[in-house]
């Protein structure tokens, strides 16, 4: 079976995909529109070593023919290509029902608010707060809350069906589809014929191939920040939309005298034991070079950093903090990319050996890698030089991880949501017309093989056996 990418400007239906699979293709579909398909992205696709075939729909073939050097063929050679949807309304942001946005925290609210402004029919659902309610209220955005104890009980099925019925939901949009309450919503929505979309909130922790949490693999469609994530996902449908959070990012003037932002984001129990040593190393490096610093502490970082100069942060406060610094030191974080887009030099400091593949495997030269106090001090000395010549490398890195970076991220996400909602409108209409809103019984969500169990199995069995077990568990079998 060949690993293939399908580049298309249309929504590809399940019959077309099944035909390609019958022809022995393992296909990842990249839905492209407008400036999202540019020569820089096509050149990056050439670098995918795992890719054996590129299939292109007829509308895009002439665009990619001179750029893609991988073996390529027209989609029409394999399947009948449906014409674009003729009855999709021309009114921007018009959808057949309400779009339900489900933010988990303040970061998701910041990402979703610009999209909601462009989609008149929408509603917000908040299950886990983490500052989501606060910022929705501050922006005068109505929302419904669902208590966490209900979200993790059998009652959640009837609650979600009632919510879908109340708003005539035509699509559900997440910033995180892998937390328990959200992947449960994905299963209820799929049973109702309602499409689900996960918009990439930032770089993800793919600790194992495909990610032990299956990030961005429960929703039907994934809207990617950039191409760098595709090799790590088993999902099928991708839109290279960019991240709406990055739409407002642009180069900022550098302050004088220079200062360093130290990004402390040791959260959710991940690498938290490394926090104290990590922060101390960063502060010591600043002291060695006699440069001022401040620590930007993530709102979910619970470490006691009171003896340092600390500013509490969140997604809405970060731009002001980036304006106050010249260099950012961080571990695995979306702050790395936001800082680069703001024109800051970035040092990825990883003395604790975290394996965050989209960053640890990056060799673009767009940001510095440091692994101990000496290399950190050396990288900081170079990064503080205002004339350090890595502009081309930073641009390449931004394109690969963050998409076109053209300010149209919100526009592309809205267009993608509208396309998806209208593509699935017939299932929605038949579901509502049949009275199934009141009668539907959503299936129980699939089981997921925990990462600790998977790691233990890897010590005992070959990888092929572990993957068979994972597929069996996801399919509901226990043998």
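The values are calculated or read from the model by the stated rules, or taken from the named source; none is laboratory data. Everything numeric in this text was worked out from a predicted model, so none of it was measured. Cβ: placed from backbone, ideal geometry, glycine included. Neighbour counts: every protein chain shown.
So that you can scan it fast, the table gives a plain yes or no per residue for (1) free of Cβ contacts under 8 Å to residues at least 40 places away in the same chain; (2) buried (at least 17 other Cβ atoms within 10 Å of the Cβ):
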{"position": "101", "(1), (2)": "no, yes"}
{"position": "116", "(1), (2)": "yes, yes"}
{"position": "119", "(1), (2)": "no, yes"}
{"position": "129", "(1), (2)": "yes, no"}
{"position": "139", "(1), (2)": "yes, no"}
{"position": "145", "(1), (2)": "yes, no"}
{"position": "158", "(1), (2)": "yes, no"}
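Reported count of residues in the stretch 235-261, each being in contact with a strand residue (DSSP E or B) (Cβ under 9 Å, 6 or more places away or on another chain) and outside any strand (DSSP E or B), is 8.
Looking only at the stretch 360-396, residues that are in contact with a strand residue (DSSP E or B) (Cβ under 6 Å, 6 or more places away or on another chain) and surrounded by 19 or more Cβ atoms within 10 Å (Cβ to Cβ) come to 6 in all.
For residue 135, the criteria (1) under 23 Å from the mean Cα position of the chain (by Cα); (2) surrounded by fewer than 16 Cβ atoms within 10 Å (Cβ to Cβ) hold in every case but one, which is (2).
May I ask you to verify whether residue 257 is surrounded by fewer than 19 Cβ atoms within 10 Å (Cβ to Cβ) and in contact with a helix residue (DSSP H, G or I) (Cβ under 9 Å, 6 or more places away or on another chain)?
Spelling it out, it is not the case that residue 257 is surrounded by fewer than 19 Cβ atoms within 10 Å (Cβ to Cβ) and in contact with a helix residue (DSSP H, G or I) (Cβ under 9 Å, 6 or more places away or on another chain).
Here is the figure for the stretch 314-331: residues that are touching a residue at least 60 places away in the same chain (Cβ under 8 Å) and either in contact with a strand residue (DSSP E or B) (Cβ under 8 Å, 6 or more places away or on another chain) or within 19 Å of residue 283 (Cβ to Cβ) (or both) total 10.
Just checking, does the stretch 146-157 include any residue being closer than 15 Å to residue 169 by Cβ, at pLDDT below 95 and touching a strand residue (DSSP E or B) at 6+ places or on another chain (Cβ under 9 Å)? Checked against the condition, which is being closer than 15 Å to residue 169 by Cβ, at pLDDT below 95 and touching a strand residue (DSSP E or B) at 6+ places or on another chain (Cβ under 9 Å), the stretch 146-157 yields at least one hit. Among the residues making up the stretch 279-295, those that are assigned to a helix (DSSP H, G or I) and either surrounded by fewer than 21 Cβ atoms within 10 Å (Cβ to Cβ) or in contact with a helix residue (DSSP H, G or I) (Cβ under 9 Å, 6 or more places away or on another chain) (or both) are 280, 281, 282, 283, 284, 285, 286, 287, 288.
Here is the figure for the stretch 218-234: residues that are at pLDDT 85 or above, assigned to a loop (DSSP other than H, G, I, E, B) and over 28 Å from residue 342 (Cα atoms) total 3.
Okay, residues lined up against (1) over 30 Å from residue 386 (Cβ atoms); (2) in contact (Cβ under 8 Å) with a residue 60 or more places away in the chain; (3) in contact with a helix residue (DSSP H, G or I) (Cβ under 6 Å, 6 or more places away or on another chain):
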{"residue": "187", "(1), (2), (3)": "yes, yes, no"}
{"residue": "200", "(1), (2), (3)": "yes, no, no"}
{"residue": "217", "(1), (2), (3)": "yes, no, no"}
{"residue": "228", "(1), (2), (3)": "no, yes, yes"}
{"residue": "235", "(1), (2), (3)": "yes, yes, no"}
{"residue": "241", "(1), (2), (3)": "yes, yes, yes"}
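Of all residues in the stretch 296-318, which are outside any loop (DSSP other than H, G, I, E, B) and surrounded by fewer than 16 Cβ atoms within 10 Å (Cβ to Cβ)?
Restricting attention to the stretch 296-318, the residues satisfying the condition of being outside any loop (DSSP other than H, G, I, E, B) are 296-297, 310-312, 318.
Those that are outside any loop (DSSP other than H, G, I, E, B) and surrounded by fewer than 16 Cβ atoms within 10 Å (Cβ to Cβ): 311, 312.
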